[in-house]
Amino acid sequence: MIQPSKKRLFSVFLFLMLSLQTFGQERKTYEGPLKVGPYTGKAVYQFVISDLDTIFDGDFQLQQSNLETLVENEDTSFRFSGKFDKGVANGPWEFEFGEYKTNSQSQVVGYEYRVLVSGVQEIGEGNLIDGKPDGDWNYTINQIKDSEVEKIIFKSTISFDKGVPRQNFQIENDSSVLVGRFLRDGLAHDEWSYYGTEAVEDIEDWFFEDGLLRTIKIKSEGKSQDINVFTKSVAAYKTVQLNEGYITLLESLVHLQSGESQILRLLGQNMGYYQKVNNVLNHLGTSDFKPNMKVRVPYFPLDSLQNKTLDKIVSEYKDAEEMSSIILDNSHLNIVKRTDSEALFYYNAAQKINNDFLIPLSTLVSHRELEIVQYQEIPLLLKRLWPNGKPSTEILVVADEEGGTRTFKLPSSEEFEYESNDLLAVEALATYAKMSLEYIKGSLASRLTNEEQLQMLNGLEEELIELNNDLEHKLDSVPGLSSEYTNALKQLKNLSDSSLTRYADIKNPQQKLEYGKGAKTCLMQLSELATGIKALPNRVEAVEKEYTDAVWNPFMANVMEEEVKKRIVSAYRDILIPYFLNTATEELTCDNTGTLNDQMMNTHQSILDLRNKDTRKLERKLRREKRPTEVLALILEQSTSQNQ
């Protein structure tokens, strides 16, 4: 018997293994629904199976649009198309996002119905190598009207070499352009200029030197401002991304806000659009799609103690911020403090700690999370956070409705020293803020626990506060009204306050809930009444205009305006309007607020309805009747009978 050699057996085995592997790597096509992050649509893509994993390989397309949604209201559509090579995005890609509405008009073209749409279309397109942009990448936002591009509202054009921006770039909107350039390694260099498309001079210039931003020049209203940025020499520099962290660093160092700097605004917009594409690619696999612009910044390395201290500050701040929210956002406490001076004192102390301690700390925490603390000198950073010095351990706050003050301080306040300009002092400050809020929360425990026990009241109390705030906002914006109007509006506020005070005084949960429901209705009606009272001058003007005719005067030989049905207009303007205002000022209660508002609205509409009706009988009665309630009844009765 002839035995096969070991060499031949190995060759056959290798052939079988390669054949099986080739079979396992056979490219397949999927067509059906697919969810990629927040985007769900219909997909068509090619893939292979490797180690039981599905790997994109070949053409890919995912899209979604809904004609029914478009016709009913508006449609949010998208389409992503490109190629993968063994799970990595490579080759030409296009990302399209759209928000469209239609006027429901359609056209027949051939054998198809076409609907014209208007809205906004975003398109990002270019080439990818290993998930990174390569070559020219364009991101364009078009304003669409009746299915045609009305104008380009944003366009970014950047040239990349395997993810590194090279040469010149341009970012523009519908009225201005930002141009700049990079060195071969992607570092910002030379002059970046922002100018209006119809302007002769630059509006804003950034001057870079090997990635280091030296100066910003801004021109506004004929004035020029030069802002020095990184002009001082330091021992070390570091190359970083021109990203959100760098923008925040600039805002901190030179107090430059995106509202003032058009370059900051355009760069921020561009980063947001690139991140939108990157989010899609990240859900499909690994991606590094970003502008990748690089800059240099001064570098002040943090030692291990400073890093540990910063971590402790972040931890203390987050604990303190959580307690501050529990106290300041507590709807029950917001009502109780109206009648409880102790609750008001501790609430105001928590508010003061939030403003003087936590808000500056939140900036430092943000810098830590963006990893930009090490690019700032610590003493100067702390001075920017507290330009008037750090707050004292003794916190002076308003303690009663009359404006009297009390001082809050921890019993152990003498143990806290945080005057020095280093991170250890800030850690002590953060700890003091946290411990103070813990003390305040404990002092308010009975009032806070009360709300936790009254779960049914939680939503109601939030609504009461929101309604009261809405009413206060309406009453604050009343310029140009006479004293009759302002006195009436002031009474609305008094009634609202007394309703909330009465609510806060009730201890029994069931009684509190029942009264609270009535108070909610009252506040809603007061808000509507406030709107109605503020509208009365315009309503009187509308009635006077409606009851004015153009009449030919033969003696003067011209057309003159003449008021008709004067008794009806006079009854409305001189009797009923003062009556409504007097009722609001002298007799307003929660029981009659809704009725008064209805009377005001119905009377106005009735007066307008009577303009073209036969009102001779009504006018004869109004000549004799001057009592407001009788006049009101006559007008409403006449309007009702005429309509019937």
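The values are calculated or read from the model by the stated rules, or taken from the named source; none is laboratory data. None of these values were measured; they are calculated from a predicted model. Cβ placement follows ideal geometry from the backbone for every residue including glycine, while neighbour counts extend to all protein chains displayed. Protein only, heavy atoms only, side chains kept; ligands, DNA and RNA dropped before computing areas. Shrake-Rupley method; radii C 1.70, N 1.55, O 1.52, S 1.80 Å.
Return the residues of region 389-409 that are assigned to a loop (DSSP other than H, G, I, E, B) and either in contact with a Lys or Arg (Cβ under 6 Å, 6 or more places away or on another chain) or at pLDDT below 90 (or both); say none if nothing qualifies.
Matches in region 389-409: T393, E394, A399, D400, E401, E402, G403, G404.
May I ask you to say which residue of E198, E251 is outside the structural domain of Q376 (by the TED database), closer than 23 Å to K290 by Cβ and without any contact (Cβ under 8 Å) to a residue 60 or more places away in the chain?
Unique residue meeting the criteria: E251.
Which condition breaks for F60 when tested against (1) modelled with pLDDT of 95 or more; (2) open to solvent by 100 Å² or more (accessible area, probe 1.4 Å)?
(2)
Any idea which of K219, K223 is in the same structural domain as T40 (by the TED database), at pLDDT below 90, among the charged types (D, E, K, R) and under 16 Å from S176 (Cα atoms)?
K219
Only residues that are under 24 Å from K566 (Cα atoms) and hydrophobic (A, V, I, L, M, F, W, C): list them for region 523-542, please.
Correct list: I533, A535, L536, V540, A542.
Report, ordered by the first and then the second residue, all pairs with beta carbons closer than 6 Å, sequence separation of six or more or different chains, a first member in region 418-447 that is under 15 Å from S315 (Cα atoms) and touching a residue at least 12 places away in the same chain (Cβ under 8 Å), and a second member that is basic (K, R) and assigned to a helix (DSSP H, G or I).
Matching pairs, first to second residue: E427/K312.
In region 238-250, what residues are open to solvent by less than 70 Å² (accessible area, probe 1.4 Å) and either among the aromatic types (F, W, Y) or under 19 Å from the mean Cα position of the chain (by Cα) (or both)?
Of the residues in region 238-250, the ones open to solvent by less than 70 Å² (accessible area, probe 1.4 Å) are 240-243, 245-250.
Correct list: Y246, T248.
So which pairs qualify, if the first residue must be in region 470-496 and farther than 17 Å from R539 by Cα, the second must be exposed (fewer than 10 other Cβ atoms within 10 Å of the Cβ) and modelled with pLDDT of 85 or more, the Cβ gap must be under 7 Å, and the two must be at least 6 apart or on different chains?
Taking only residues 6 or more apart or on different chains, not a single pair turns up.
Being closer than 30 Å to Y237 by Cα, touching a Lys or Arg at 6+ places or on another chain (Cβ under 6 Å) and open to solvent by 40 Å² or more (accessible area, probe 1.4 Å) is the filter here; which residues of region 297-355 pass it?
Residue satisfying the conditions is Y299 alone.
Taking region 491-521 only, how many residues are assigned to a loop (DSSP other than H, G, I, E, B) and closer than 21 Å to E587 by Cα?
Final tally of qualifying residues: 0.
Is it the case that E625 is charged (D, E, K, R), open to solvent by less than 50 Å² (accessible area, probe 1.4 Å), in the same structural domain as Y485 (by the TED database) and touching a residue at least 24 places away in the same chain (Cβ under 8 Å)?
Values: charged (D, E, K, R): yes; open to solvent by less than 50 Å² (accessible area, probe 1.4 Å): yes; in the same structural domain as Y485 (by the TED database): yes; touching a residue at least 24 places away in the same chain (Cβ under 8 Å): no.
No.
Would you check which residues across region 591-631 are among the β-branched types (V, I, T) and under 15 Å from L576 (Cα atoms) and list them?
T595, T603, I607, T629, V631
Quick one: in region 559-581, of everything that is open to solvent by less than 60 Å² (accessible area, probe 1.4 Å) and over 20 Å from D598 (Cα atoms), which residue is modelled with the lowest pLDDT?
Going through the qualifying residues, I end up with E563.
Going by the structure shown, is A542 modelled with pLDDT of 90 or more, surrounded by 14 or more Cβ atoms within 10 Å (Cβ to Cβ), part of a helix (DSSP H, G or I) and within 41 Å of the chain's Cα centre (by Cα)?
No; evaluated as a whole, the condition is false for this residue.
With buried (at least 19 other Cβ atoms within 10 Å of the Cβ) and at pLDDT 95 or above as the only criterion, which of L253, L213 stands out? Let's see the steps before the verdict.
Details: L253 fails: at pLDDT 95 or above.
Unique residue meeting the criteria: L213.
Kindly indicate whether P391 is in contact (Cβ under 8 Å) with a residue 24 or more places away in the chain and closer than 19 Å to H255 by Cα.
For P391, the condition - in contact (Cβ under 8 Å) with a residue 24 or more places away in the chain and closer than 19 Å to H255 by Cα - is not met.
Every residue in region 272-287 that is touching a strand residue (DSSP E or B) at 6+ places or on another chain (Cβ under 8 Å) and either loosely packed, with under 15 Cβ neighbours inside 10 Å or among the β-branched types (V, I, T) (or both), please.
If the condition is that a residue be touching a strand residue (DSSP E or B) at 6+ places or on another chain (Cβ under 8 Å) and either loosely packed, with under 15 Cβ neighbours inside 10 Å or among the β-branched types (V, I, T) (or both), then V277, V280, H283, G285, T286 are the ones that fit.
State the number of residues belonging to region 471-490 that are open to solvent by 60 Å² or more (accessible area, probe 1.4 Å) and closer than 24 Å to E587 by Cβ.
Result for region 471-490: 4.
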